[in-house]
1. Condition check: in contact (Cβ under 8 Å) with a residue 24 or more places away in the chain, open to solvent by 40 Å² or more (accessible area, probe 1.4 Å) and not aromatic (F, W, Y). Does K22 satisfy that?
2. Where residues in region 187-203 are touching a strand residue (DSSP E or B) at 6+ places or on another chain (Cβ under 6 Å) and more than 9 Å from the ligand (Cβ to nearest atom), which of them is most open to solvent (accessible area, probe 1.4 Å)?
3. Taking region 85-126 as the region of interest, how many residues are surrounded by fewer than 17 Cβ atoms within 10 Å (Cβ to Cβ) and part of a strand (DSSP E or B)?
4. If we keep just the residues of region 143-186 that are in contact with a Lys or Arg (Cβ under 7 Å, 6 or more places away or on another chain) and of a type in the set (V, I, T), which is surrounded by the most Cβ atoms within 10 Å (Cβ to Cβ)?
5. Collect the residues in region 57-75 that are more than 16 Å from the ligand (Cβ to nearest atom), assigned to a strand (DSSP E or B) and either open to solvent by less than 50 Å² (accessible area, probe 1.4 Å) or on the phi > 0 side of the Ramachandran plot (or both), keeping them in residue-number order.
6. For region 137-151, what are the residues that are in a strand (DSSP E or B), over 21 Å from N219 (Cβ atoms) and either aromatic (F, W, Y) or in contact with a Ser or Thr (Cβ under 7 Å, 6 or more places away or on another chain) (or both)?
7. Which residues, counting only those in region 177-186, are more than 15 Å from the ligand (Cβ to nearest atom) and either hydrophobic (A, V, I, L, M, F, W, C) or closer than 18 Å to V142 by Cβ (or both)?
Amino acid sequence: MLGIIGAMDIEVESLKALLTNKTEESISGIDFCVGDLGNEKAVVAKCGIGKVFSAICTEAMILKYKPDMIINIGVAGCLDETLDIGDVVIADSVVQHDMDISPLGDPVGMLSDINIVKIPTNVEMKNKLIEAVKAVGINYSVGVIASGDQFVASDDKKNYIKTNFDAKACEMEGGSIGHVCYVNNVPFTVIRAMSDKANGGATMDFPTFTKIAARNSTNVIKKFVGILEE
Ligand code: ADE
């Protein structure tokens, strides 16, 4: 079974609509839709915005549905100047940019106990997503995706994340979803389409660009599961 998590309705609603033989169940306030998605059995959920909601959703999904793999999809702020609105970043690792115990000697971003800053994503899933993005014809980049409980909308914050983590995109869930998958030994990956430049600048039309970006990220997943013919 494939688990798919997005933070907002717009990021998952078209995939939920494509599920056949659908059943639905609510756990901890999150609706989990289970059914057939192309070649795969899938469970799709909107987790809500931020690291805590996404962690609750991921843990519940793993314990209840035992997915073989989890993909986090959706939109993100762009930190890679070679990319534009609608382009895609596929994560080779995820980091939590607001995790900081550096006053006690840890590197910035270090997750205590598991002692990792960047959690690697599953290589086979990443490669399959790269093939899907290429087939859909969307411009893309592969690299670090950074998560934190804040909407990044200033050059200062953007530069902090780029400098410390060499990240290509920032969002608010991929790092925590990866963290939960890591401690449960569940393969995961994150794919995000760019909705804004993370600087609060003139290019900021979040509702319009989010629609374009969300459609691009769901199209890649449709290709991934074999239901987008082109
Ligand atoms: N999701 C989309 N754009 C974002 C941004 N600039 N910061 C955090 N999360 C985002």
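The values are calculated or read from the model by the stated rules, or taken from the named source; none is laboratory data. These numbers were taken from a predicted model, which means no experiment stands behind them. All Cβ positions, even for glycine, are placed from backbone atoms using ideal geometry, and neighbour counts span all protein chains on display. Surface areas here come from the heavy atoms of the whole protein model, side chains and all, with no ligands, DNA or RNA. Shrake-Rupley method; radii C 1.70, N 1.55, O 1.52, S 1.80 Å.
1. No, not satisfied.
2. P187
3. Of the residues in that region, 2 qualify.
4. Of everything passing the filter in region 143-186, I145 is surrounded by the most Cβ atoms within 10 Å (Cβ to Cβ).
5. I70, I71
6. First, the residues of region 137-151 that are in a strand (DSSP E or B): 140-147.
Those still in the list that are over 21 Å from N219 (Cβ atoms) too: 144, 146-147.
Those that are in a strand (DSSP E or B), over 21 Å from N219 (Cβ atoms) and either aromatic (F, W, Y) or in contact with a Ser or Thr (Cβ under 7 Å, 6 or more places away or on another chain) (or both): V144, S147.
7. G178, V180, C181, V183, V186
A quick yes/no check of all residues on (1) under 23 Å from N185 (Cα atoms); (2) open to solvent by 10 Å² or more (accessible area, probe 1.4 Å); (3) in contact with a Phe, Trp or Tyr (Cβ under 9 Å, 6 or more places away or on another chain):
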position	(1), (2), (3)
E11	no, no, no
G38	no, yes, yes
A45	yes, no, yes
K51	yes, yes, no
